[in-house]
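A short worksheet on the structure shown next.
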Amino acid sequence: MTPGSGRPAVLRNRVFRALLAVQLVNAVAVWIHVVAVQWVLTERGELALVISLAPAALAVPFLLLSMPAGVIAGYASRKKLMAGATSTSAVAAGAACVFSATGHDQALVMVLSVLLVGIALVLVGVSWQSLLPETVERASIPAAAVVDGAVFNVARALGPLIAGVGLGLAGAVWTFALVALLSAGCAVALLASERRDPDRTAPRRPILPELAGAVRFIAYSAWTTRLLCQLVLFGVPSSALWALISLVAYDRMGLSSDGFGVIMGLVGAGAVAAAFTLGGLRRRLRVRSFAALGAATYGAVLLVLGISTSPVVVGVAVLLAGAAWVSVQSTWMSMGHQFFPEWIRPRLIAVILLVFQGTQAIGALLWGAATDALGLQLALVIAAALLAASAVSLRVLGLGAESGIEPVLFAEHGGAVATPPPEGREVGGRAAVEVRYRYELDDNDDEFVAAMRQLRRSRLRLGGRDWRLDPEPDRAGVYVESYVVSGHRAFEEQELNRLTVPEARLRERVRRSVRRVSGPEFRERARR
């Protein structure tokens, strides 16, 4: 870590501190709202499936809006976007307050209020993640991410605790009123911050092509695909805790709203403790071992919740659950920030949020239905078994390569990129690129095939389409690689702003496997 880039240094940044405070207050308000709705539904004796709709409704917007929000945050004023989102949270909480006061707090109305809060949470989360690199210096980003994660988990501890106390002492009406007040305060603070320090904006980009580019990158990046698959394997069973914890407190332990608030507070406290104490363990263990340990611990906690009703045992278990939760959850985001190339990072971070929250939404509904059909204890035991399988997968299969994919631009590393002059005519806004390889029969055929297979994935990952490799009809031993880009500017973008050192190494591997390389050249139309 470079001097001045640690946690104390980043907290001296005035803008960062102000935005971080808004993040804390907003996240606390969100958790108060969700836990209050979940407890109201539990006290009314709703089915487990209906109760599970509360955490599911918080996660569903991530499925629908994360990727579009990632694109919009690339060019819009993030502070204004966050202000609009927190205003939406204030309106949702105000509506829940009014409906509770008038006796119209049916399950559908309350779940819809959580849905609105979830939409606001997506916009705030994605906007903040994209704003972070502009708020602090590049060397301070890792420390800022650690502080941001700790703040989020402080909110996980405070929100449920405040919700439990508020429900016990003042009731649902005043608890929702508090959420509306906190959210409105965040909106006012963000608008004032925008006036003092205007947020930078960028040229508007069309959403659908940007989303398609993110999907193509994932499809042709084995490391990203494996990361997302492991995320799903952990996310679905881990959602059982958040979907069923109120039933554990109410049905199995006979706790009041105050006791439920304490249980949720212990989960958050464990998460906060992990954020500040597990750094040494994370450095000593490989990423796969650290994540597997967290998944195994989380599964053991679910098993304890299924077989024990002792307040002390359950209290210790949920404390460990919070620590395990933040340990595994932070793994996805930290690896994304560390290894995703900068040009695609905001969209891929949005995909991580989408997939993880999507598994929480789908998992919550599955565990609610499983509880209604099989009983609470058996549902928790099944979830624990699935988390054990996730831990084994993380330990054995891992998260893909942890080296060799560093997102350092080749041009910034001193490399010379290929930028042919824009000769030839673009057809329909598209241009064909051709590269020729001189290859002799006595050369290493296996090495050439393997190298070209990896190069194909690289071209498509960076934005190329319709990749082909064909022998030159009139020249023996010459192979022509061809692919299509959306224009000369798109090709320059790929070469200058997307080509990282690892991608350049793939090209160098191809060059070593052949006698000669010529190109790239533009042609008027793609080869068929």
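The values are calculated or read from the model by the stated rules, or taken from the named source; none is laboratory data. Note that the structure is predicted; figures quoted are calculated from it, not measured. In this analysis, Cβ positions are derived from the backbone assuming ideal geometry, glycine residues included, and neighbour counts consider all displayed protein chains. Surface accessibility is based on the protein's heavy atoms, side chains included, excluding ligands, DNA and RNA. Shrake-Rupley method; radii C 1.70, N 1.55, O 1.52, S 1.80 Å.
When residue 69 is tested against the conditions (1) at pLDDT below 80; (2) closer than 26 Å to residue 265 by Cβ; (3) part of a helix (DSSP H, G or I), the lone failure is (2). Could you please let me know if residue 205 is at pLDDT below 80 and out of contact with any helix residue (DSSP H, G or I) (no Cβ under 7 Å at 6 or more places or on another chain)? For residue 205, the condition - at pLDDT below 80 and out of contact with any helix residue (DSSP H, G or I) (no Cβ under 7 Å at 6 or more places or on another chain) - is not met. Scan the range 221-260 for residues that are of a type in the set (A, V, I, L, M, F, W, C) and open to solvent by 20 Å² or more (accessible area, probe 1.4 Å) and jot them down. Passing the criteria: 222, 223, 228, 229, 232, 233, 236, 242, 253, 255.
Residue 457 meets the stated requirement of being at pLDDT 80 or above, closer than 27 Å to residue 347 by Cβ and among the charged types (D, E, K, R).
Scanning the range 420-444 for residues that are at pLDDT 70 or above and within 11 Å of residue 514 (Cα to Cα) yields 436, 437, 438, 439. Within the bounds of the range 514-525, is there any residue that is open to solvent by less than 20 Å² (accessible area, probe 1.4 Å) and under 33 Å from the mean Cα position of the chain (by Cα)? Within the range 514-525, none of the residues are open to solvent by less than 20 Å² (accessible area, probe 1.4 Å) and under 33 Å from the mean Cα position of the chain (by Cα).
Residues in the range 334-344 that are in contact with a Phe, Trp or Tyr (Cβ under 9 Å, 6 or more places away or on another chain) and either open to solvent by 10 Å² or more (accessible area, probe 1.4 Å) or without any contact (Cβ under 8 Å) to a residue 60 or more places away in the chain (or both): 339, 341. Could you go through the range 262-275 and let me know if any residue there is of a type outside the set (A, V, I, L, M) and modelled with pLDDT under 80. Looking for residues that are of a type outside the set (A, V, I, L, M) and modelled with pLDDT under 80, one finds at least one in the range 262-275, hence yes.
When each of 392, 408 is tested for being β-branched (Val, Ile, Thr) and at pLDDT below 80, the lone residue that passes is 408. When each of 56, 69, 90, 101 is tested for being over 29 Å from residue 373 (Cα atoms) and open to solvent by less than 10 Å² (accessible area, probe 1.4 Å), the lone residue that passes is 69. Is it the case that residue 117 is of a type in the set (Val, Ile, Thr), at pLDDT 70 or above, open to solvent by less than 40 Å² (accessible area, probe 1.4 Å) and more than 15 Å from residue 83 (Cα to Cα)? Against the criterion (of a type in the set (Val, Ile, Thr), at pLDDT 70 or above, open to solvent by less than 40 Å² (accessible area, probe 1.4 Å) and more than 15 Å from residue 83 (Cα to Cα)), residue 117 does not qualify. Here the condition is being at pLDDT 90 or above, farther than 18 Å from residue 371 by Cβ and open to solvent by 20 Å² or more (accessible area, probe 1.4 Å); of 293, 285, it holds for 293 alone.
Which residue pairs have Cβ atoms under 7 Å apart, sit 6 or more places apart or on different chains, and have a first residue in the range 293-321 that is hydroxyl-bearing (Ser, Thr, Tyr) and a second that is open to solvent by 10 Å² or more (accessible area, probe 1.4 Å)? That search, which allows pairs on different chains as well, returns 297/320; 309/252; 309/253.
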